[in-house]
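Take a look at the structure set out below.
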Amino acid sequence: MLDFVIRPLASAGRGTVGALGSVGRAWILFAGTAGALRHPSIWGPQLVPQLARIGVASVPIALFIATFTGIVMSLQASYTLTGTIPLYFVGALVGKTMMLELGPVLTGLTLAGRVGANISAELGTMRVTEQVDALETLAYDPLAYLVVPRIIAGIVMFPIVVLLAMTVGIFSGWFTALQLLDMSSPEFIKGLRLLFEPWDVWFAVIKSISFGAIVTGVGCFYGLQTERGAEGVGRSATQTVVIASMIILCLDAFWAATLL
Amino acid sequence: MSIQIAGLHKAFGPKEVLRGFSLEVRVGATAAIVGPSGSGKSLLLKHLVGLMQPDTGSVLVDGESVPDLGRRDLARLRRRIGYVFQFAALFDSMTIAENVGMGLKRVPGWSAGRIRGRVDECLGLVDLGGMGERYPSQLSGGQKKRAGLARAIAASPKYLLYDEPTTGLDPVTTSVIDQLILRMRDELGVTGLVVTHDMTSAFRVADRITLLHEGKARFTGTPAEVRAARDDVLRGFVEGDPGLYYGPHRGGDHGP
């Protein structure tokens, strides 16, 4: 008779214990990874390939998204401002939103899918096929070999990709303003410079460094936790994208509240 | 004694897999642990290289307690142990030569040239000479197992642990792998521990055979003693008779 009370309580209890367990395991991974930094002979040779895979290979999709974001921002700004505010504010709006929000966050969310899922699936497959165990038996620290180079690559390359995306987004907004909105370059640049603060760029860099650490760290965490074959690999990849995206949005709000 | 396991217990939640398992392996011998799938054989091997921590009991290799070793000492111990995984566990993004040389990169003082030479030597030992540039996906099941063996012996280990080395192989390839295991013992003087459910293979390669049953060592003896044993459970496993192995009153609860 008390089933309808006990069952949800039990379910909530299990959920809480599971969440606390995940936090504990994430902390252990973080501490272990920090300790594994002492073994540059293991992670050093892996760093350049990871910089290429995580950063360079992500540039095309990041730029594709930035290009269309710039176009849409420009058109929507013009639609919103026409008749109320001078049109050169289109430049201000495109520049400010690309730097403060859309450049870092859209790129971060995109890379949560591309990079996070990729890392999770790769490490998950290595886990279920015992390749991670094999690394250990060959006297390699898996955290030093697998996790450290990926997180460093994320921290280094995300800001670079984001800065490129911001630049391309602003240029595409500018191009759209010239071609479709009957604006001149001096007008657009006037708007762009109107609200520009050098701090905006640093703000984007700080955000993207944190996004890089989160996407790669979450990918490694769920990848190394993978169990039960192909289904487990798929589940880990999904969890990585969902959790990393949620943390990116939370961090976005956190940085806005603390740094602006 | 080179490997000593005593009173080993390991449980996952309510499921007790190992319930006081004990075993001793002499230097230079090859021991086999046999038992059905899921009986905890692979789990046992993982305790010997510190991939698993026992709940209770002791695991000694060369007198060192494996669960108590620190990270550095564990790495040192692992260099003395080669591990042949059930499905080879080759790094699929690397060539076979890179796989075999992987452990050697962690050995201080080994130059790239010396590693290359040793890799070629190991591939030759397992009859995979000339296949170093292939990727694991380009090898057959038997070739993958041999590549896994080459990787395990590359650092000249004192011990070799074989996890189901013949599972999924045809009888001829099984025989080839068994010959390799014997060659490792006779030519390299390696102490071997094989876990398998393949009795033909166990009889061929082992000096002593232990039946792992319900988490404990049910019977240990030479192949001749195993063949002559009257223990119903052992006979049931050796002869593949579920009635004898599980007992008539429990036959219906088990089986594939």
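So here's what we get for this one:
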item	result
All strands (runs of 3 or more DSSP E) inside the range B:1-64 with 3 or more residues being in contact with a strand residue (DSSP E or B) (Cβ under 8 Å, 6 or more places away or on another chain) and hydroxyl-bearing (Ser, Thr, Tyr)	none
Of all residues making up the range A:95-116, the number that are crowded, with 24+ Cβ neighbours inside 10 Å and either without any contact (Cβ under 8 Å) to a residue 24 or more places away in the chain or under 19 Å from A:Gln225 (Cα atoms) (or both)	3
Residues of the range B:66-87 satisfying the condition of being part of a loop (DSSP other than H, G, I, E, B) and either under 20 Å from B:Leu160 (Cβ atoms) or touching a residue at least 24 places away in the same chain (Cβ under 8 Å) (or both)	B:Leu69, B:Arg79, B:Arg80, B:Phe85, B:Gln86, B:Phe87
Where A:Leu195 falls short, out of the listed (1) more than 23 Å from A:Leu63 (Cα to Cα); (2) more than 13 Å from the chain's Cα centre (by Cα); (3) surrounded by 17 or more Cβ atoms within 10 Å (Cβ to Cβ)	(3)
Segments classed as strands (runs of 3 or more DSSP E), wholly inside the range B:132-222, with at least 1 members that are without any contact (Cβ under 8 Å) to a residue 12 or more places away in the chain and assigned by TED's automatic domain parsing to the domain that holds B:Ile3	none
Among (1) touching a helix residue (DSSP H, G or I) at 6+ places or on another chain (Cβ under 6 Å); (2) of a type outside the set (Phe, Trp, Tyr); (3) over 14 Å from B:Ala89 (Cβ atoms), the one test that B:Pro157 misses	(1)
Within the range B:88-98, considering residues that are outside any helix (DSSP H, G or I) and more than 8 Å from chain A (Cβ to nearest Cβ), the one nearest to B:Met184 (Cα to Cα)	B:Ala88
Matching entry among A:Met166, A:Met183 (being of a type outside the set (Asp, Glu), over 30 Å from B:Val100 (Cα atoms) and not in a helix (DSSP H, G or I))	A:Met183
Residue check, B:Gly50 without any contact (Cβ under 8 Å) to a residue 40 or more places away in the chain and in contact with a Leu (Cβ under 6 Å, 6 or more places away or on another chain)	yes
Members of the range A:105-144 that are within 24 Å of the chain's Cα centre (by Cα) and within 10 Å of chain B (Cβ to nearest Cβ)	A:Glu122, A:Thr125, A:Met126
Among the residues listed as B:Thr56, B:Thr30, the single one being modelled with pLDDT under 90 and either surrounded by fewer than 22 Cβ atoms within 10 Å (Cβ to Cβ) or away from every other protein chain (no Cβ under 12 Å) (or both)	B:Thr30
Residue that is modelled with pLDDT under 95, part of a helix (DSSP H, G or I) and over 28 Å from A:Arg235 (Cβ atoms), where the choices are A:Thr110, A:Thr97, A:Thr84	A:Thr97
Residue in the range B:5-26 that is surrounded by the fewest Cβ atoms within 10 Å (Cβ to Cβ), counting only those that are within 12 Å of B:Leu193 (Cβ to Cβ) and not basic (Lys, Arg)	B:Glu24
The one condition in (1) touching a Pro at 6+ places or on another chain (Cβ under 8 Å); (2) more than 14 Å from chain B (Cβ to nearest Cβ) that A:Lys190 fails to fulfil	(1)
One residue from B:Arg76, B:Arg71 being closer than 26 Å to B:Arg116 by Cα, within 14 Å of another protein chain (Cβ to nearest Cβ), modelled with pLDDT under 90 and over 16 Å from the mean Cα position of the chain (by Cα)	B:Arg76
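Quick grid of which residues meet (1) closer than 30 Å to B:Val233 by Cα; (2) crowded, with 18+ Cβ neighbours inside 10 Å; (3) at pLDDT 90 or above:
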site	(1), (2), (3)
B:Gln86	yes, yes, no
B:Asp92	no, no, yes
B:Ile96	no, yes, yes
B:Val100	no, yes, yes
B:Val107	no, no, no
B:Ser111	no, no, no
B:Leu125	no, yes, no
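The values are calculated or read from the model by the stated rules, or taken from the named source; none is laboratory data. Given the structure is predicted, the values throughout are model-derived calculations rather than measurements. Ideal geometry is used to build each Cβ from the backbone, glycine not excepted, and the neighbour counts take in all protein chains shown.
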